[in-house]
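Q: Dropping the structure in here first, questions after.
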């Protein structure tokens, strides 16, 4: 099958069903090509397989799709100028149908390996006719219906109604009978003119007739060759008396070679080919046969079955069969098919073997002269076609990159609507229920203080890359990232019932991913906190330069507050989100009731774990890190309590001790049993005179009265010391009681 039909099919699919539908079909068939060359052959079943896949995608019947392809094909071939060929086939619809079988003959030079179908007309009436269709391809019955209907409407202004009378398989040939109903005015005119015509009684000698047609054959009712032209007898000396099926095979039309069938198809061109080659050599210029074992499915679809090129080895005849009533026989008026002198040389013919009254000689000679130019032009066209295919392949690759970048910024559904010309205002949409997720890195500001800007970017890139990979397995859309904040939503733009579960499952994967990212300065694992909320939002495109798909509403604010009040490696959700979850599948812990941004207090929860189908809690990687954090917090709390107990000390107690210089030395005792001394000046005795002018008197007085005064002061000091000791003992006992109560509490 030539690529002209396949390319028309692709263009129709793109125009009616969109580029994404064709990409989907191409992926199913594993095709690597973006376009089909009109003059290159491809797999015979590829067209039908494309139609069947399109039917599965669009839920339209294959017959309706084939009818559409047939109608659109007539318009498509106008780009190649074939509409003019269709116009000159006849004056009216009747003439077109009678000459339809010969249509492919006019294009055999452009498509030399074409396998055309066969048509013939019978049972003509004023209201229509019966059309027989035979083809070695299957699945094109309704394709022909669409083509004939469109030709009648476009070129002959005739409305044609087609009914399939019968359809059957004859060996490898599909035989279909159509009943065509239209206003057959040409048949009425011909019937009238035949009645009024005058018959002429002219006779001609048979030898003169045979000389005019050197490649003719006269065939009896038993299909025996009773006469043959001079050129045929030179190639086949014993041809007379042989059956035609013993020497030739019928290439066209696709019918059974019998007397009745030949008479019915008198309006068709008959093409025969010799059974045995005229020359026994084998030409090595045949088509290269691809090794099927080394081909994949797509290559098998695109490759063609290698066929023997019979033009250079076998004699081919083309002509018309006419029934001669006087002879009771059929005469086959034929001419050989000779494209150039090489073909003529290989078949053993010469120029003088061809008839003079037709253009056979001119065609052979002109073909030889123009073959070199045509070959050069064909080579140039092939090179241009390859260059165009390569350019189209590169363009398709760049378009895919552009689409991928666009779909990363805007949801695919919204981006396609923008491409179709819809305004951004019309894309604004309200969603009654969706779930939003916010996350940020715990202590990100202090982490950034110890890192260079490049290290900060590297950490964020690693973290967001891991999060984005998690998105591939969840029905969530990444709204935006601001610094260390990550925002997701589920339930829009494609609505989903399980949007809360999708977000929570995505949150679990994010927690598993974040513990694999470390701080380069101290190799500590990063930690995030997550907050989620469900509710209505308004979504739409904001901006012209770098447009973004943004969300608006109180639900966004609430989800952000939930993230701010969350804990490290915890998923904080509102009561609204919790009600949307399946409590049998998730383990949650209720938090202390609190108010968000000044509203009334609400119930919030921490999602601790997810259960499997058996009801068992799943242990995820981040749970290990979370348990380590809890153990560390418990140890830190114990250490703080221990330090507080050690810091419950008494105030320092000073014990005065008399000194020689009239000062008391105070002994200070603390709870750590260590003693320290400090010289504290005590108040002077009232009997001691400090007058510097009477030093001698003072000395005498001290010598006389020092003993009793010292004794009095000492007694007073001892008394004071005993009082202090009693106070110390009482405080020690109270301390022991406090210590015992603390131990009990611990």
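All of the numbers you see were taken from the coordinates with simple rules; none came from a lab. Since the model is a prediction, treat every value here as computed from it, not as a measurement. For neighbour counting, all protein chains shown are included, and Cβ atoms are generated from backbone atoms with ideal geometry for every residue, glycine included.
Q: Based on the alpha-carbon gyration tensor of segment 1-160 and its eigenvalue square roots a ≥ b ≥ c, which shape applies: rounded if a/c is under 1.5, prolate if not and a/b is larger than b/c, or oblate?
A: Because a/c hits 1.5 or more and a/b exceeds b/c, segment 1-160 counts as prolate.
Q: Then there is this: Could you calculate the FRET efficiency of residue 522 with residue 590 from 1/(1 + (r/R0)^6), where r is the beta carbon distance between them and R0 is 35 Å, rounded to 0.05? Intermediate values should be presented prior to the final figure.
A: Working: r = 35 Å, r/R0 = 1.00.
Approximately 0.50, to the nearest 0.05.
Q: Then there's this: How much length is gained if the chain between residue 263 and residue 166 is pulled fully straight, taking 0.36 nm per residue apart and subtracting their Cα-Cα distance, in nm to one decimal?
A: On the way: separation 97, 0.36 × 97 = 34.92 nm, distance 2.17 nm.
Here the answer is 32.8 nm.
Q: While we're looking at this one, here's another question. Any idea what the relative contact order of segment 3-191 is, in percent, if you count C-alpha pairs under 8 Å spaced at least 6 apart? Let's see the in-between values first.
A: Numbers: 242 pairs, mean separation 36.5, N = 189.
Reported relative contact order: 19 percent.
Q: Give the peptides 496-509, 22-35, 452-465 in descending order of average Cβ contacts within 10 Å, highest first. Intermediate values should be presented prior to the final figure.
A: Values: 496-509: 21.3, 22-35: 15.7, 452-465: 13.7.
So the peptides 496-509, 22-35, 452-465, ranked by packing, come out 496-509, 22-35, 452-465.
Q: Right, here's the next one. Report the label-to-label distance for residue 157 and residue 485 in nanometres (one decimal), using points 7 Å from each Cα along the Cα→Cβ vector.
A: Each label point is offset 7 Å from its Cα along the Cβ direction, giving 7.1 nm.
Q: Arranged from highest to lowest average of other beta-carbon atoms within 10 Å per residue, in what order do the peptides 397-403, 227-233, 72-78 appear?
A: On the way: 397-403: 11.6, 227-233: 19.3, 72-78: 17.6.
Per-residue mean Cβ counts within 10 Å order the peptides as 227-233, 72-78, 397-403.
Q: Still on this structure, I have one more. Please label the shape of segment 126-281 as rounded, prolate or oblate, based on the square roots a ≥ b ≥ c of the eigenvalues of the alpha-carbon gyration tensor (a/c under 1.5 means rounded; beyond that, a/b larger than b/c means prolate, else oblate).
A: On the way: a/c = 2.74, a/b = 1.41, b/c = 1.94.
Since a/c reaches 1.5 but b/c is at least a/b, the shape of segment 126-281 is classed as oblate.
Q: In the calculated pair distance distribution of segment 407-496, what percentage of Cα-Cα distances lie above 15 Å?
A: Details: 2714 of 4005 pairs.
Here the long-distance tail beyond 15 Å is 68 percent of all Cα pairs in segment 407-496.
Q: P(r) for segment 515-560: what percent of alpha-carbon pairs falls in each 10 Å bin, starting at zero?
A: 22, 26, 24, 25, 3
Q: Extension gain residue 220-residue 498, at 0.36 nm per residue separation less the Cα-Cα distance, in nm?
A: Numbers: separation 278, 0.36 × 278 = 100.08 nm, distance 8.07 nm.
My answer for the length gained is 92.0 nm.
Q: Here's a follow-up. If you average over every viewing direction, what projected area does the convex hull of the Cα atoms of segment 426-623 give, in nm²?
A: Its average projected convex-hull area is 12.3 nm².
Q: May I ask you to order 236-244, 432-440, 315-323, 470-478 by the average number of other C-beta atoms within 10 Å around their residues, highest value first? All intermediate terms of the calculation are to be shown ahead of the outcome.
A: On the way: 236-244: 14.1, 432-440: 23.2, 315-323: 17.8, 470-478: 15.8.
So the peptides 236-244, 432-440, 315-323, 470-478, ranked by packing, come out 432-440, 315-323, 470-478, 236-244.
Q: Let me ask you something else. Compute the FRET efficiency between residue 327 and residue 384 as 1/(1 + (r/R0)^6), taking r as their Cβ-Cβ distance and R0 = 35 Å, and round to the nearest 0.05.
A: Numbers: r = 54 Å, r/R0 = 1.55.
It comes to 0.05.
Q: Determine the shape class of segment 1-91: with a ≥ b ≥ c the square roots of the Cα gyration tensor eigenvalues, call it rounded for a/c under 1.5, and otherwise prolate if a/b is greater than b/c, oblate otherwise.
A: Details: a/c = 2.10, a/b = 1.54, b/c = 1.37.
Prolate.
Q: Another question, then. Determine, from the Cβ-Cβ distance of residue 582 and residue 641 and an R0 of 41 Å, the FRET efficiency 1/(1 + (r/R0)^6), rounded to the nearest 0.05. The partial results should precede the final answer.
A: On the way: r = 42 Å, r/R0 = 1.01.
For residue 582 and residue 641, the calculated efficiency is 0.50.
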